[in-house]
Amino acid sequence: MSNGQSIVIKGDISGSEDLVIAGRVEGSITLNGRVLTLAAGSHVIGEIEAGTVVVSGKLEGSVEAKERLDIKNTAVIDGKLSTARLIVADGSQITAKVEMGKPEAHKPKLAVAG
């Protein structure tokens with residue numbers, strides 16, 4: 001699914017398929033383990049949760065990419081980023097707090113000695 005550059009969406013988006021945003025979205029986007037792509041020229045204001053997030057446009061808000069966050073050279077990001085893997089292209093503009101690590105499911109559990 002994709003939205004065009006002249007489209008403005010105000011509200012929350014959720015689903016379980018890949019999504020390409022080419023226009024403006026003001027609201028949260030939740031894609032259960034899927035791929036969200038913010039195309040060049042897009043502008044998202046809100047919270048994002050997806051398996052993989054690819055950013056080529058402008059993002060103001062927070063991102064939780066369970067698997068990977070791929071920031072392209074045209075990206076402009078202001079917010080909070082959380083991901084297991086981070087790829088940042090030279091030329092991107094980022095003002096953010098970044099948290100990286102393995103997904104919760106893969107973290108070893110601590111045993112308490114009794």
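The values are calculated or read from the model by the stated rules, or taken from the named source; none is laboratory data. Computed from a predicted structure; not experimentally measured. Every residue, glycine as well, gets a Cβ built from its backbone with ideal geometry; the counts of neighbours run over all protein chains shown.
Taken together, T30, T74, T37 contain a single residue that is surrounded by 14 or more Cβ atoms within 10 Å (Cβ to Cβ), at pLDDT 95 or above, out of contact with any strand residue (DSSP E or B) (no Cβ under 6 Å at 6 or more places or on another chain) and not hydrophobic (A, V, I, L, M, F, W, C), which is T74. Restricted to region 5-25, and to residues there that are outside any strand (DSSP E or B) and in contact with a Ser or Thr (Cβ under 6 Å, 6 or more places away or on another chain), the residue that is surrounded by the fewest Cβ atoms within 10 Å (Cβ to Cβ) is D12.
So which residues in region 37-49 are more than 13 Å from I71 (Cβ to Cβ) and of a type outside the set (G, A, S)? Spell out how you get there, then give the answer.
Within region 37-49, the first condition is being more than 13 Å from I71 (Cβ to Cβ), and the residues that meet it are 39, 41-47, 49.
Those that are more than 13 Å from I71 (Cβ to Cβ) and of a type outside the set (G, A, S): H43, V44, I45, E47, E49.
Got at least one residue in region 41-54 being assigned to a strand (DSSP E or B), of a type in the set (D, E) and closer than 18 Å to I94 by Cβ? Yes, region 41-54 contains a residue that is assigned to a strand (DSSP E or B), of a type in the set (D, E) and closer than 18 Å to I94 by Cβ. Please tell me if E60 is surrounded by fewer than 16 Cβ atoms within 10 Å (Cβ to Cβ), part of a strand (DSSP E or B), in contact with an Asp or Glu (Cβ under 8 Å, 6 or more places away or on another chain) and at pLDDT 95 or above. Here the answer is yes, as E60 does meet what is asked. Among the residues of region 92-114, the one identified as part of a loop (DSSP other than H, G, I, E, B) and either polar (S, T, N, Q) or modelled with pLDDT of 95 or more (or both) is S92.
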